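Visitor: Sharing a structure below in structure tokens format, with a few things to ask.
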Amino acid sequence: MNNLLNHAPILIVAIPLLAAFLIPIVGKVNKKAEGITTTFALGISLALTIILAIKILSVGPQVYVFGAKSPSLTLPSGLKFPIRIMFEVDAMGIFMGLITAIVSFLGAIYSLTFMGKYDGLDKYYSLLLLLTVGMFGMEFTGDIFNFFVFLEIASIASVALISFRGTDLGEPAEAGFKYMVVSSISALMVLFAVGIFYGQYDLLNFAAIASVIKYSQLDKIALGLLVPVLAMKAGAVPMHMWTPDAYSEAPAPITMILVAASQASLYALFRVTFSLYNISLSTLTVGWVIIIFGLLSMFIGVTMAIIQKDIKRLMAYHAISQTGYMLLGVGVGLAVLANPAALQKYGITAMEGGIFHIMNHAMYKGLLFLTAGALFYRTGTRDLNKMGGLAHSMKYTTIFFIIGAAAIAGLPPFNGFASKLLIYESVYRFNPLLSIIAMVVSILTLASFVKVFHSAFLGPKLPQFKEAKEVPRSMIFAMAALSCIIIFFGLFPNLIVKNLVHPAVMSLIEQFKYTGTVLGGM
Amino acid sequence: MIDNFPFIAVIIFVGLGIYTLMFKKNLIKIAIGVCLIENGVNLFLITLGYKKGAVAPIYTQVPSGQSMVLPTPQALTLTSIVIGIATTALILSIAMMIYKHYSTLDTEQVRRLRG
Amino acid sequence: MLGLLETGSGFWSAIIWVVVVLVISSIVIYIRNKGEESYKKNTEQDKPFISGNPELSKEGSHIAASHIYWGFTEALKDYYNPLVKIHTGNINDYSGWIIIITIIILILVGVSG
């Protein structure tokens, strides 16, 4: 059992990867078994992630070295630097891993009935598993080139999934094309930065580079390439235009997983700025760059959302807007990183708010996209102008939508309120204006969800939806599970912040812990 | 000067790729632009591993005292080429799907999703 | 067990909030039940009151999404028109934005030292 635990980081990635290539064979035998196999594989991954999380939070960061005699042997035969590819999972990595595991597991369950009417489901499930593999890899890897490989796996799989309906419709293909082009640009910029690091230090390991980084002219170029492209993949304004296209055209469960995938890029942005550079970079400049990304994302995202007529496009603009909160919270933390007094006073709280918001956002935005998917499943349209009165026939979906909408708007006692409160109160001490803008954005968020609620659910029963009824059970289950998580996080935010979020924040701030796990000298 | 020549080629490749992405209106040309950037980055990686007069790092039949190049950049480049093929194939096949539905490859026309 | 979440300048506890809401709503329900009981079913009181105009059909009275916040978007026309124009949906512009922002950040990071 303990031996198995040592191999947990690789098993979390390897099981979905193996299952991805098993699915086509399983599909040849029994079409029904494809979805079940996927759910099962992702269920094992979820269980292993939880076990690994408990271990990491009690013992400390875990490394897994590929091809070494023992998985924790980072420096074989007295070498000064690591030569093997390795996974390094710390509190932040496993925090993101938990999000990925929960979201992809529930996405697979939801797909069981939601995707029932489509052909070629073996490809769908294979790609879903590969997307999960890419996300896990991005979050766990300790090697920068390996990160590039997983980034490409995730983007290729997600592009194929976005344009899954592209054989029948033009728009999904268009969205897939746009996303593919922008994500290729970003991946190639990341690769260029990898080349710069390798040319300078002959190293590819995050921790090893972090221990020798000098912030020379070349390092500045690498940083200048990495920050915008990773922010782009996370959907920061003004490079957000791919987000509404891709999110609205992908099938609903995939949209939910894409939200988590863009957060994996956000994680990479934080990993690069905090663990790789830390205080060697000019924290005030880069911090403000991230804060301005956050402000623009929050404000432009929400104002664009209000005027949308397509329900998933509206929610996609909200995803941009909520990403702004995370960028704002963590950006404030980065801006005061070199100033221990301010960091202690409000920097850590701001970062806790930002990081906690990542998980909250993955849960409630996932729930909202699933309810949008449920509406699409029963009405066959995403156009809000054509919907109305659906609360009469879809009672559970209505309740789940109310929970999700209240959480995203930051109404107490749901989870969105807890993380937004942390951000408001700490950012106010950094700069009051930022906090006020964040609150205004929250109000506008509520306003636009009132619009969705009114036009889709309220009103008289429309004749064209007389036949509409509640969605099947597997879709209800996925939405109910997310609602339970939201309510739990909302009622006991202190438990989550103390046990999951605070260690994650500290593992970002304390760079020496990250490098020390690989290079020794703890 | 001559040593920096590959890096100048990298800049030209990436610059041409960016120009293509920003100003060419044909989806296939955009795919070519992505390929150009990719080739530039690959050239950059492989140039980093260049060592004058060194041989390939194969231990059998190497003359003694002969210096060898580091295999890592070559491995990186090979991986990135393979990924590049997948990316290009996907971009082109999606461009084909777009052409089937829109009957055009002009970026000015392929924008039903906007606003 | 109250679930206090320290925010640096105060605290937040969802449990206390829920308890307070329950207490207040029970008081509200109590007061409401003391009110006058003049409501009768199936009389004039059931009909919607639209300033004396006759009621439209049930289906026709639903307000579609694009009519909501019409005033808001009309008042902020000067903000929205350029903003919507920026979202061209053209892939050239998507890559253009990435390149422009990358250059700006490269300059910012380079200048800041």
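Visitor: Just grab the label-to-label distance for residue B:66 and residue A:66, each label 7 Å out from Cα along the Cβ direction, in nm (one decimal).
Guide: About 3.0 nm separates the two model spin labels.
Visitor: Say a site is exposed when it is one of the GluC sites (Glu not before Pro), sits in a DSSP loop, and has at most 14 other Cβ atoms within 10 Å; what is then the longest site-free stretch of chain C?
Guide: Counting only loop sites that pass the neighbour cut-off, the longest clear stretch is C:56-113.
Visitor: Counting only other chains, and only Cβ atoms inside 10 Å, what mean value do you get across the residues of B:72-84?
Guide: 4
Visitor: Across 5 Å bins from 0, what is the distribution of all Cα-Cα pair distances for chain C, in whole percents?
Guide: Once binned at 5 Å, the Cα pair distances of chain C give 2, 7, 6, 7, 7, 6, 10, 13, 12, 10, 8, 5, 4, 3, 1, 0.
Visitor: While we're here: Do any of A:28/A:312; A:80/B:51; A:55/A:345 go past 32 Å between their Cα atoms, and which?
Guide: In this structure, A:28/A:312 exceed 32 Å between Cα atoms.
Visitor: Oh, and also: Using a probe radius of 1.4 Å on protein heavy atoms only, what is the accessible area buried between chains A and C, both sides summed, to the nearest 100 Å²?
Guide: 4800 Å²
Visitor: Could you please state, rounded to a whole Å, how far the C-alpha centre of the range A:164-211 is from the C-alpha centre of the range A:86-139?
Guide: With the range A:164-211 and the range A:86-139 each reduced to a Cα centre, they are spaced 19 Å.
Visitor: On average, how many beta carbons from a partner chain sit within 10 Å of the beta carbon of a residue in B:31-39? Each step should come with its number before you reach the end.
Guide: On the way: counts 4, 0, 5, 7, 1, 0, 6, 5, 0.
Taking the mean over all residues of the peptide, I get 3.
Visitor: Give the angle, between 0 and 90 degrees and rounded to the nearest 10, that separates the Cα long axis of helix B:71-102 from the longest principal axis of the Cα atoms of chain B.
Guide: Computed tilt is about 10 degrees.
Visitor: Angle check, please: helix A:283-306 long axis (alpha carbons) against the longest principal axis of chain A (alpha carbons), in degrees 0 to 90, nearest 10.
Guide: Roughly 0 degrees, rounded to the nearest 10.
Visitor: Quick one, what does Rg over Rh come out to for the range A:241-345 if you take C-alpha atoms and the Kirkwood Rh? Intermediate values should be presented prior to the final figure.
Guide: Details: Rg = 15.5 Å, Rh = 14.6 Å.
Taking Rg over the Kirkwood Rh, I get 1.06.
Visitor: Which percent of the accessible area of the range C:68-113 is formed by carbon and sulfur heavy atoms (probe 1.4 angstrom)?
Guide: After summing per-atom areas, the C and S share lands at 73 percent.
Visitor: Among A:109-115, A:314-320, C:13-19, how do they line up by average Cβ neighbours within 10 Å per residue, starting with the highest?
Guide: A:314-320, A:109-115, C:13-19
Visitor: Using the heavy atoms of the protein chains and a 1.4 angstrom probe, tell me the accessible area per residue for chain C in square angstrom.
Guide: For chain C, the solvent-accessible area averages 72 Å² per residue.
Visitor: Work through the residues other than residue A:346 whose Cβ is under 13 Å from its Cβ and net out their charges, Lys, Arg +1 and Asp, Glu -1.
Guide: Value of the local net charge: -1.
Visitor: On to the next question. Work out from phi, with θ = phi - 60° and the Karplus expression 6.51 cos²θ - 1.76 cosθ + 1.60, the ³J(HN,Hα) of each residue of the range A:417-422, listed in order in whole Hz, and give x for Gly and Pro.
Guide: 3J(HN,Hα) across the range A:417-422, in whole Hz: 5, 4, 6, 5, 4, 4.
Visitor: Same structure again: Tell me, what is the per residue accessible area of chain A in Å², probe radius 1.4 Å?
Guide: That works out to 29 Å² for each residue.
Visitor: Just to check I understand the Karplus step: with θ = phi - 60° and J = 6.51 cos²θ - 1.76 cosθ + 1.60, what whole-Hz values come out for the range A:222-229, glycine and proline as x?
Guide: Result, rounded to whole Hz: 4, 5, x, 7, 6, 4, x, 6.
Visitor: Summarise the long-distance tail of P(r) for the range C:68-113 by giving the % of C-alpha pairs beyond 12 Å.
Guide: Counting pairs separated by more than 12 Å, the tail of P(r) holds 72 percent.
Visitor: Kirkwood Rh over Cα pairs of chain A into Stokes-Einstein at 4 °C, 1.567 mPa s: D in µm²/s?
Guide: For these conditions, the coefficient is 57 µm²/s.
Visitor: Taking the 0 to 90 degree range and rounding to the nearest ten, how far is the long axis of helix A:33-59 tilted relative to the main principal axis of chain A, both from C-alpha atoms?
Guide: Value to nearest ten degrees: 40.
Visitor: Can you sort A:219, A:310, C:93 by 1.4 Å-probe accessible area, starting with the largest?
Guide: C:93, A:310, A:219
Visitor: Given a 1.4 Å probe and no ligands, DNA or RNA in the count, how much accessible surface is buried by C and B, both sides, to the nearest 100 Å²? Before the final figure, lay out each step's value.
Guide: Numbers: alone 11010 and 8520 Å², together 18630 Å².
That pair hides around 900 Å² of surface in total.
Visitor: Still on this structure: What pairs from A:309/B:24; A:220/B:24; A:214/A:513 go past 28 Å between their alpha carbons?
Guide: A:309/B:24; A:220/B:24
Visitor: Per-residue mean of other chain beta-carbon atoms within 10 angstrom of the beta-carbon, peptide A:189-202?
Guide: The mean count of partner-chain Cβ atoms within 10 Å per residue comes to 5.
Visitor: In the range A:41-108, which chymotrypsin sites (Phe, Trp or Tyr not before Pro) fall in coil by DSSP and have 11 or fewer other Cβ atoms within 10 Å? Write down the numbers at each step before the final one.
Guide: Working: sites: A:64, A:66, A:87, A:95, A:105; in loops: A:66.
The qualifying sites: there are none.
The values are calculated or read from the model by the stated rules, or taken from the named source; none is laboratory data. It should be emphasised that the depicted structure is a prediction, and the values quoted were computed from it without experimental measurement. Note that we place each Cβ from the backbone using ideal geometry, even for glycine, and neighbour counts take in every protein chain shown. Keep in mind that these areas ignore ligands, DNA and RNA; they rest on the heavy atoms of the full protein, side chains included. Shrake-Rupley method; radii C 1.70, N 1.55, O 1.52, S 1.80 Å.
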